[in-house]
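Heads up: the structure comes next, in structure tokens.
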Amino acid sequence: MPRVLLRRAGDLLFVSFGVSILSFLMIRLIPGDAVQLMLGANAEVTQSQIDALRHQLGLDQPFVQQYVTWIGRVLHGDFGVSLTTGRPVLTEIAAAAGVTAELTVLGLAGAILLAIPLGCAMASLRSPAASLAMRLLSITGITVPSFWLGIMLLYGASELAPGWAAVGWLPLSEDPLGNLHRLLLPALSIALPVVASLARFLRATMSDALQQDYIRTARAKGLRERVVLLRHALRNALIPFVTQTGIMTGYLFGGSVVVEQVFALPGLGRLMVGAIADRDYALVQAAILLATLVFVCVNAVVDLLYALIDPRVRAA
Amino acid sequence: MIVGSKLVLGLGAALVVLLALGAVMAPWLSPFGPNAQDILARLGAPDTDHWLGTDNFGRDVFARVLFGLRTMFAVSALSVLGATVVGGAMGLTAAWCGGVVDRLVMRLADVFFAFPIILLAIGIIALLGPSAFSAAAAIAVAYVPIFARTLRGPALQLRFSEFVEAARAIGAGTPRILLRHLLPNLASVVFVQVSLSLSTAILVEASLSFLGLGTQPPTPSLGRMLAESRDYLDLSPWPAVFSGAAILLASLGFNLLGDGLAERLDPRLRRT
């Protein structure tokens, strides 16, 4: 266990440093003069304005010093100011990240809740025809583009129940029911491909588990099939399932970023796409840095969970 | 079980060949150009003239889907090819050199592996500016670690095999051993990974174009078509239905192909 912890901490530092350098370099690697691009192709931009912004961004200093200054500010939570809104970048990101996080978590919860029973049911069906049908179905499910699914769900809902489907955003604090109502379809759109993938994964690991000796023993001592499946096979299959779910979280996040666009949710995806269009580099830079850090942490947590569930890893 | 595997493989191959043929033959298959407007036939449902209907400018959806597939295949193929070459080289180098090089390369690959591809892609596109080429570059970078990882394991096993030793004994140099002896033995692994990666690369390309970060107008693109079709969904759902279905079928084809190939080429997987 301490070794796992240490290794994860090392990874965390390594990645954070790497990403900080990458996102620091971003604004400096953009082909052409980033400052001029940021101010736009406006003819009224004067050289003194360009120099002022360059100075404000610290771009007129030596490279290493720029990084040290920048990382120092970042460590104090100062990511700079958005060029388009004039508000601190961190404020903008915090507001948007909440939306994306809620959508991702809802999608994840839905995916896990649906995938476990589905995977168990799939593992208990063992005829060749059923296997083939489930294989084709789950592969189709995995390849459904979530944003297309979102659009189709929205269209279907507006045809079947006009007025029910609502797009846009209501904060959880203002209207919990309205908030859930608006997140239901987007969460479903990002969850379904993940459900297909996780259920298929669980079926495979459970089929493996079902061939083990302890399953034969459990059956031999007269346990009912349901108990064998749930208590013995499922519990052992859940260990790799946790890791797989961790990997899928990144996938879900990617889905949310795109699906936000369909349902007009003011999340990170919309923020970043808008920032790229406006050449608001400070915003893009900070969003990527922060999202990366969150992901590294999520992965570390998943690894630790894994260690907690599996005594063999804990001992290592 | 083997029958199922053959069916999956055949279905995937049929889908891929059909869509690829459609994309390549687009100018000859479609009676209309992808950008030709017929203002009098806007937002039409499928009929004998316009087989898949028309969009809000009266452009033929069938033509736009075929030409969109062209762009999508080109971008995904370019990116996966780049990732295969660079990632494959990294994986082989890591396996061959071992030690510090191996640890460094693989740690890097591990870190990227669980990273949301779309986030990485958005970062790269922020640098290069939105375009089809940026999307291809972004997807390629995101897929490099996947190939590095996939090739390293099998290469490591083969590195100490007898035929490699025999090749060395008759005086073959390292490049020759890598290219003539190791690589052909890794071909099945590469094929499976290329097919599965194409399946997901298609989805990423469509997502990026959907967000307006990939292929730019007037080049027809399925993701963009889907994004634009949202504005008049109530008037005509057909452009949205067919552009999305084309993305799904293309991705599905490669996924089935990869899945079937994996089972046929790897006897250990035939069991499940």
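The values are calculated or read from the model by the stated rules, or taken from the named source; none is laboratory data. Because the structure is predicted, anything quoted here is derived from the model rather than measured. Here the Cβ is made from the backbone with ideal geometry for all residues, glycine too, and neighbour counts use every protein chain on show.
Assorted remarks:
- Here the condition is being surrounded by 20 or more Cβ atoms within 10 Å (Cβ to Cβ) and of a type in the set (Val, Ile, Thr); of A:VAL273, A:VAL294, A:VAL301, it holds for A:VAL273 alone.
- Against the numbered list (1) crowded, with 17+ Cβ neighbours inside 10 Å; (2) within 25 Å of B:LEU78 (Cα to Cα); (3) of a type outside the set (S, T, N, Q), B:ASP110 comes up short only at (1).
- From the list A:ARG224, A:ARG235, A:ARG203, A:ARG219, the one residue that fits, being under 23 Å from B:ASP259 (Cα atoms) and either surrounded by fewer than 21 Cβ atoms within 10 Å (Cβ to Cβ) or of a type in the set (Lys, Arg) (or both), is A:ARG203.
- Enumeration of residues in segment A:128-177 that are surrounded by fewer than 17 Cβ atoms within 10 Å (Cβ to Cβ), within 11 Å of chain B (Cβ to nearest Cβ) and assigned to a loop (DSSP other than H, G, I, E, B): A:PRO162, A:VAL167
- Odd one out for B:ALA136 among (1) surrounded by fewer than 22 Cβ atoms within 10 Å (Cβ to Cβ); (2) under 21 Å from the mean Cα position of the chain (by Cα); (3) away from chain A (no Cβ under 14 Å): (1)
- Residue ID - surrounded by the fewest Cβ atoms within 10 Å (Cβ to Cβ), chosen from residues in segment A:206-216 that are free of Cβ contacts under 8 Å to residues at least 12 places away in the same chain and outside any loop (DSSP other than H, G, I, E, B): A:ASP213
- Any chance A:THR104 is out of contact with any strand residue (DSSP E or B) (no Cβ under 9 Å at 6 or more places or on another chain) and within 14 Å of chain B (Cβ to nearest Cβ): yes
- Selection within segment B:222-232 - more than 10 Å from chain A (Cβ to nearest Cβ) and either under 26 Å from B:LEU11 (Cα atoms) or surrounded by fewer than 24 Cβ atoms within 10 Å (Cβ to Cβ) (or both): B:GLU228, B:ASP231, B:TYR232
- Conditions (1) more than 13 Å from every other protein chain (Cβ to nearest Cβ); (2) surrounded by 13 or more Cβ atoms within 10 Å (Cβ to Cβ): number failed by A:ALA94: (2)
- Only listed residue being within 30 Å of A:VAL257 (Cα to Cα), more than 10 Å from chain A (Cβ to nearest Cβ) and in contact (Cβ under 8 Å) with a residue 12 or more places away in the chain, chosen from B:LEU186, B:LEU235: B:LEU235
- Whichever residue in segment B:26-53 is part of a loop (DSSP other than H, G, I, E, B), out of contact with any Asp or Glu (no Cβ under 9 Å at 6 or more places or on another chain) and in contact (Cβ under 8 Å) with a residue 40 or more places away in the chain and, among such residues, is surrounded by the fewest Cβ atoms within 10 Å (Cβ to Cβ): B:ALA45
- The set of residues in segment A:55-79 being modelled with pLDDT of 75 or more and under 25 Å from A:ALA277 (Cβ atoms) consists of A:TRP70, A:VAL74, A:ASP78, A:PHE79.
- With respect to the conditions (1) crowded, with 24+ Cβ neighbours inside 10 Å; (2) under 17 Å from B:THR150 (Cα atoms); (3) touching a Phe, Trp or Tyr at 6+ places or on another chain (Cβ under 8 Å), B:LEU196 lacks only one, and its number is (1).
- Residue pairs meeting the criteria (Cβ under 6 Å; at least 6 apart or on separate chains; first in contact (Cβ under 8 Å) with a residue 24 or more places away in the chain, in segment A:150-177; second assigned to a loop (DSSP other than H, G, I, E, B) and not hydrophobic (A, V, I, L, M, F, W, C)): A:TRP169/A:PRO266
- Being at the interface with chain A (Cβ under 8 Å from one of its Cβ atoms) and either more than 19 Å from the chain's Cα centre (by Cα) or surrounded by 24 or more Cβ atoms within 10 Å (Cβ to Cβ) (or both) holds for only one residue in B:LEU208, B:LEU248, B:LEU265, B:LEU256, and it is B:LEU256.
- One residue alone among A:SER146, A:SER127, A:SER138 is among the hydroxyl-bearing types (Ser, Thr, Tyr) and farther than 23 Å from B:ILE118 by Cβ, and that residue is A:SER127.
- Applying the criterion of being in a helix (DSSP H, G or I) and over 18 Å from the mean Cα position of the chain (by Cα) to the residues of segment A:261-292, the residue that is nearest to the other protein chains (Cβ to nearest Cβ) is A:ILE276.
- Going through (1) of a type outside the set (Phe, Trp, Tyr); (2) more than 20 Å from A:ALA287 (Cα to Cα); (3) at pLDDT below 75 one by one, A:ILE27 falls short only on (2).
- Residue count for segment A:238-280, restricted to those that are small (Gly, Ala, Ser), under 19 Å from B:SER229 (Cα atoms) and touching a Pro at 6+ places or on another chain (Cβ under 8 Å): 0.
- Where B:THR84 falls short, out of the listed (1) surrounded by fewer than 18 Cβ atoms within 10 Å (Cβ to Cβ); (2) more than 25 Å from B:PRO217 (Cα to Cα); (3) polar (S, T, N, Q): (1)
- The sole residue among B:LEU183, B:LEU120, B:LEU127 that is farther than 30 Å from A:GLY269 by Cα, among the hydrophobic types (A, V, I, L, M, F, W, C) and modelled with pLDDT under 85 is B:LEU183.
- In segment B:128-171, the residue that is nearest to B:ASP102 (Cα to Cα) out of those that are hydroxyl-bearing (Ser, Thr, Tyr) and in contact (Cβ under 8 Å) with a residue 40 or more places away in the chain is B:THR150.
- Qualifying residue in segment B:2-20 (condition: at pLDDT 75 or above, over 21 Å from the mean Cα position of the chain (by Cα), away from every other protein chain (no Cβ under 14 Å) and surrounded by fewer than 19 Cβ atoms within 10 Å (Cβ to Cβ)): no
- Some residue of segment A:39-47 being in a helix (DSSP H, G or I) and modelled with pLDDT under 80: yes
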